[in-house]
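A short worksheet on the structure shown next.
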Amino acid sequence: QFIDPKTFLERCGRGCGELADKFRDWEHLFTASNYEMKSEMGIPTRKRRWILDWTEHYRNGVNPYNIPIPQIYFSYRIPSFFNIINFIN
């Protein structure tokens, strides 16, 4: 199904497809260590961990798919003057 690192990394998502030129071949993708990706290739930490996680999942039989980064929504509730008075009483 995957013939080169580029298709594999594109299926992983989160911008990993643009790092495909840093890997020589399929074997290099699966044998590159965390240290090698950091020092020699200059891959940022989050993408490095994401690639290593997906290579491990693929070894266990799970094909990669894109998992979007969850959006975090904050709701700030500003207490009104009347809520403060009711709280005091």
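The figures follow:
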quantity: Cross-link partners of residue 22 among aspartates and glutamates (Cα-Cα below 16 Å; sequence separation of 8 or more within a chain); calculated: 4, 10, 36, 40
quantity: Highest average packing first - 14-20, 4-10, 25-31, Cβ atoms within 10 Å; calculated: 4-10, 14-20, 25-31
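Rule-based calculations on the coordinates, nothing more; no lab input. No experiment lies behind these values; they were computed from the predicted model shown. Note that we place each Cβ from the backbone using ideal geometry, even for glycine, and neighbour counts take in every protein chain shown.
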